[in-house]
1. Test Tyr51 against the criterion of being hydroxyl-bearing (Ser, Thr, Tyr), open to solvent by 90 Å² or more (accessible area, probe 1.4 Å) and closer than 25 Å to Arg238 by Cα, and give yes or no.
2. Quick one: how many residues across the range 158-211 are modelled with pLDDT of 95 or more, more than 15 Å from ligand 1 (Cβ to nearest atom) and not in a helix (DSSP H, G or I)?
3. Can you tell me which residues in the range 143-157 are in a loop (DSSP other than H, G, I, E, B) and in contact with a helix residue (DSSP H, G or I) (Cβ under 6 Å, 6 or more places away or on another chain)?
4. Please give the number of the condition Lys223 fails out of (1) of a type outside the set (Gly, Ala, Ser); (2) under 24 Å from Val94 (Cα atoms); (3) away from ligand 1 (no atom under 16 Å from the Cβ).
5. With Arg138, Arg144, Arg161, Arg181 as the choices, which residue is under 22 Å from Lys97 (Cα atoms), open to solvent by 60 Å² or more (accessible area, probe 1.4 Å) and not acidic (Asp, Glu)?
6. Among the residues of the range 215-229, write down those that are crowded, with 17+ Cβ neighbours inside 10 Å and outside any loop (DSSP other than H, G, I, E, B).
7. Given the options Val142, Val133, Val94, Val99, name the one that is within 22 Å of Lys223 (Cα to Cα), away from ligand 2 (no atom under 12 Å from the Cβ) and among the aliphatic types (A, V, I, L, M).
8. I want to confirm something. Restricting to the range 230-242 and keeping residues that are touching a residue at least 12 places away in the same chain (Cβ under 8 Å) and part of a loop (DSSP other than H, G, I, E, B), which single residue is least open to solvent (accessible area, probe 1.4 Å)?
Amino acid sequence: MAMTSLERAEAAEHAMSQELDRIVVKSVIYTSGDRDPRQPLSPQQSQGKLYMMGHDPRLPLMPERPTLFDFFKYRFGPSAHVLQSARLAKKNGVSEKIVLACLLHDISVMGFIRGDHGYWGAQLVEPYVEEEVSWAIRHHQVLRFFADESYGYKYPDSYIRLFGADYQPEPHIQEAYRRAREHKWYETCRLITVNDLYAFDPNVKVELEEFTDVVGRHFKQPKEGLGFDQSPSAHMWRTMNHPTKYL
Ligand SMILES: [Fe+2]
Ligand SMILES: [Fe+2]
């Protein structure tokens, strides 16, 4: 019987993991939906191999004490969007805190989990930034769905293309918006959305180093490296560093 595309992908992945010295079993969240998580995994030919418990050789090795920029360089997807957003924020003359928030606002999409990315992103950086910055990152995802003409922010055309003209944010998002509206840091968050542009110029290359000083002043880099400092989100940085770790 012909293989389905999912079976083909699984077979190719299986062959690839056979070339590694270690067995890789992906976390449920990476595959759930593509496969039904209730089904047992096909048995791996272990042949005496050990399971992946550290660095995955298919990824670049991270420094022992990784910094925020190391994650940008070695683990995050393309960062043009957040770099251009941070540059635009700077050009618009907002405070350095907001420039940093723009630089970090989508790191969950780039390196961790898409759904609820504002919440995940805020949690990642919470121990290292001022509360106002993580609050704004958390809520930018919500505010993006709601226009505010007084800041020149319209509902994004791109969202109509991406989600359909009749898309309505779920009730919990509407409620989160209602609360954010009343919050003392509403403006900080709104300024992320104002500088959160999708239509970036592919010819403009913004270097990470443009923000070395802002990060240096407003992001408390742990001396042990992100992931190894015992902070409440350290485990999340470790997961990005070692995404295929068995346990
Ligand atoms: Fe976002
Ligand atoms: Fe964004």
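1. So Tyr51 does not fit the description; no.
2. Matching residues across the range 158-211 total 11.
3. Result: Arg144, Phe146.
4. Only one criterion is unmet by Lys223, namely (2).
5. On inspection, the qualifying residue turns out to be Arg181.
6. Val215, His218
7. Testing whether each residue is within 22 Å of Lys223 (Cα to Cα), away from ligand 2 (no atom under 12 Å from the Cβ) and among the aliphatic types (A, V, I, L, M) leaves just Val133.
8. Looking at residues that are touching a residue at least 12 places away in the same chain (Cβ under 8 Å) and part of a loop (DSSP other than H, G, I, E, B), I get Ser233.
The values are calculated or read from the model by the stated rules, or taken from the named source; none is laboratory data. Please read these numbers as outputs of a predicted model, since none were measured by experiment. Quick reminder, even Gly has a Cβ in these numbers, built from the backbone with ideal geometry, and neighbours come from all protein chains shown. Ligands, DNA and RNA are excluded from the accessible area calculation, which covers all protein heavy atoms including side chains. Shrake-Rupley method; radii C 1.70, N 1.55, O 1.52, S 1.80 Å.
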